[in-house]
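Enquirer: I have a structure I would like to understand better, so I am pasting it below and will then ask my questions one at a time.
Every read-out reported here was derived from the displayed coordinates using simple, explicitly stated rules and does not represent laboratory data. Note that the structure is predicted; figures quoted are calculated from it, not measured. Every residue, glycine as well, gets a Cβ built from its backbone with ideal geometry; the counts of neighbours run over all protein chains shown.
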Amino acid sequence: MAKSDGKDLKTGTKVVTVGRRPEWTGIPGQPGAVVNPAVWRASTHLYEDSAALAEGLRTNEDGRFFYGRRGSPTQWALCEALTQLEPGAHGTVLYPSGVAAIAGALLSVVKPGDTLLVTDNAYDPTRNMGMGLLKTFGVETKFFDPLDLNAFRALVAEGAQAVFLEAPGSLSFEVCDIPALVALAREAGAWVLIDNTWPGPTGLRAIELGCDGTVNALTKHVGGHSDLMMGAATGTERLYRRLRRTAQQLGQVVSPDDAALALRGLRTLEVRLQRESESALAIAQWLSERPEVEAVLCPMLDGAPGHDLWKRDFVGGCGLFGFVLKTDDPDARARFIDALELFGIGYSWGGFESLALPTNPAKDRSVASWPPVGVDPTCTLGVRLSIGLEDPADLIADLKQAFEKMERA
Ligand SMILES: *Cc1c(COP(=O)(O)O)cnc(C)c1O
């Protein structure tokens, strides 16, 4: 739905105003409007007469009633909001999860016989899609080290139709040189997609940096309250046409209730991300001075891996980062995580509540090194934190007592 408007408003203002068209928040012919679009629960859309029914078949346009699968104002408002947040975007397609968005985007750009290049730090289900579903459809997936431009150049020279990036990696947090990778991919005429879930729809201007489109797990930052599964792909006009066609053929649709929840989350995205980022930075700084910690993997932290590229290319951060323990004893790591009182143990992230997760990035990569260059290679035990909206002083005190319990055993 609807091109990004290019208006030069600040992000905090944009997330409040985007997608609130009067025709979606009011009743035609009546003055006034409500703030949020109604939840339009609908399968059947009714036509005035047979001629209107026939006319409806002739067009396949955004923002027109047709049938429930093409959405209603609630979903259109969310699509338009996400499109307007991404400079250079033409439209957005919604999916029932982030993984469905990755699948929808990849299936829009590759066909049998094609080669797909996927960053080695990609989200695990993205890897599996390359090695599983796409392989059975005759697409060859090759993985590349996101930090090795020369190796990528050589791989692209062998031919590729699509490239899939993720920055920072959501377990290992390395930051690739997006414009440099895009430039090499362009020479080969490949599509470039990026999993934008870490920065979210406001933290990286991926299309301006040369990508054709971005994939977002709205489950994370946009939902923001750990009660919603949804994904989105946002693209240039050329990509958007393909995204939409593929999604329609796959029958992808999200419920209006979920779209309304995502819109509600979106309105507070900027304040939540600011708070999370500030807290995460303070906690990352504190961790970097702890004797139990070998390395902190937080691109927002001065001196941490990827900080320079993050500072150059990103416009925002978030509460998700990792660190590597000095100990190589998995039981010690389990003691540490189990002793945490304010951090839940679980997958996903981006909610208002903090989470901790033991990580083993080595098992989800095949070419890039783990632990990262510069980190003692015997230290392989990772911990990932998703910092929520709690007071960071309380979170630090909790981490401190958990380190003490880890050491005491
Ligand atoms: C969680 C996640 C996804 C998938 O989102 P779901 O809504 O859980 O399917 C995709 N990419 C990244 C980086 C993620 O963290």
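Enquirer: Based on the mean of other beta carbon atoms within 10 Å per residue, what is the order of 150-159, 170-179, 237-246, most packed first?
Expert: 170-179, 237-246, 150-159
Enquirer: Arrange the peptides 227-233, 312-318, 286-292 so that the one whose residues have, on average, the most other Cβ atoms within 10 Å appears first.
Expert: 227-233, 312-318, 286-292
Enquirer: Sticking with this structure for a sec: To check you understand DSSP bridge types, tell me what percent of the beta bridges within segment 11-266 (both residues inside) are antiparallel, rounded to 5.
Expert: 40 percent
Enquirer: Same structure again: Report relative contact order for the chain in percent, whole number only (criteria: Cα-Cα under 8 Å, sequence separation at least 6). Don't jump to the answer; show the numbers that get you there.
Expert: On the way: 854 pairs, mean separation 67.7, N = 409.
Taking the mean separation of contacting Cα pairs over the length of the chain, I get 17 percent.
Enquirer: With a 10 Å radius around each residue's Cβ, average the other Cβ atoms per peptide and rank 125-134, 20-29, 45-54, 217-226, highest first.
Expert: Numbers: 125-134: 17.7, 20-29: 13.0, 45-54: 10.1, 217-226: 25.1.
The densest-packed peptide leads the list: 217-226, 125-134, 20-29, 45-54.
Enquirer: Another question about this same structure. Using Cα positions and a limit of under 16 Å, work out the aspartates and glutamates in reach of Lys326, with same-chain residues fewer than 8 apart set aside.
Expert: The reachable aspartates and glutamates, counting only those whose Cα sits under 16 Å from Lys326, are Glu289, Glu292, Glu294, Asp376, Glu404, Glu407.
Enquirer: Within 15 Å, Cβ to Cβ, of Asp329, how many net charges do the neighbouring residues add up to if Lys/Arg are +1 and Asp/Glu are -1?
Expert: Residues close to Asp329 contribute a combined charge of -2.
Enquirer: Using Cα positions and a limit of under 14 Å, work out the aspartates and glutamates in reach of Lys14, with same-chain residues fewer than 8 apart set aside.
Expert: Answer for Lys14, where 14 Å is the Cα cut-off: Asp5, Glu80, Glu86, Glu270, listed by chain and number.
Enquirer: Report, in whole Å, the centroid distance computed from the Cα atoms of segment 130-184 and segment 342-409.
Expert: Going from one Cα centre to the other spans 26 Å.
Enquirer: Another one. Pull out a ≥ b ≥ c, the square roots of the eigenvalues of the alpha-carbon gyration tensor of segment 1-160, then state rounded if a/c is under 1.5, prolate if not and a/b is larger than b/c, and oblate in the remaining case.
Expert: Prolate is the answer for segment 1-160, as a/c is 1.5 or above and a/b outweighs b/c.
Enquirer: Okay, moving on. Taking Rh as the Kirkwood radius, which is the inverse of the mean 1/r over Cα pairs, what is the Rg/Rh value for segment 269-408?
Expert: 0.94
Enquirer: So, one more: Convert each backbone phi in segment 253-268 into a coupling constant with the Karplus relation 6.51 cos²θ - 1.76 cosθ + 1.60 (shift: θ = phi - 60°), then list the ³J(HN,Hα) values in order as whole Hz, x for Gly and Pro.
Expert: Along segment 253-268, the couplings run 7, 10, 6, x, 4, 5, 4, 5, 5, 5, 5, 5, x, 4, 5, 10 Hz.
Enquirer: Taking amide H atoms as placed 1.01 Å from N in the peptide plane, list the residues 5 or more away in sequence, or in a different chain, whose amide H sits under 5 Å from that of Phe321.
Expert: Answer set, sorted by chain and number: Leu385, Ile387.
Enquirer: If I fit a long axis through the Cα atoms of helix 73-85 and take the longest principal axis of the Cα atoms of the chain, what angle between them do I get, 0 to 90°, rounded to 10?
Expert: 50 degrees
Enquirer: Based on the Cα atoms of segment 91-184, what semi-axes does the equivalent ellipsoid have, where each is the square root of 5 times one gyration tensor eigenvalue, given in whole Å with the largest first?
Expert: Over the Cα atoms of segment 91-184, the semi-axes work out to 20, 17, 12 Å.
Enquirer: Which of the lysines could a cross-linker span from Lys142 if the Cα-Cα distance has to be under 30 Å and same-chain partners fewer than 8 positions apart are dropped?
Expert: Output for Lys142: Lys111, Lys220, Lys311, Lys363.
Enquirer: Within segment 323-409, what percent of beta bridges assigned by DSSP are antiparallel, to the nearest 5?
Expert: Numbers: 7 of 9 bridges.
For segment 323-409, the DSSP antiparallel bridge percentage is about 80.
Enquirer: Whole-Hz ³J(HN,Hα) for each residue in segment 382-393, computed from phi via Karplus 6.51 cos²θ - 1.76 cosθ + 1.60 with θ = phi - 60°, x for glycine and proline: what do you get?
Expert: x, 10, 10, 10, 10, 7, x, 9, 5, 6, x, 5
Enquirer: If only Cα atoms are counted, what is the Rg of the chain, and what is its Dmax, in Å?
Expert: 22.0, 78
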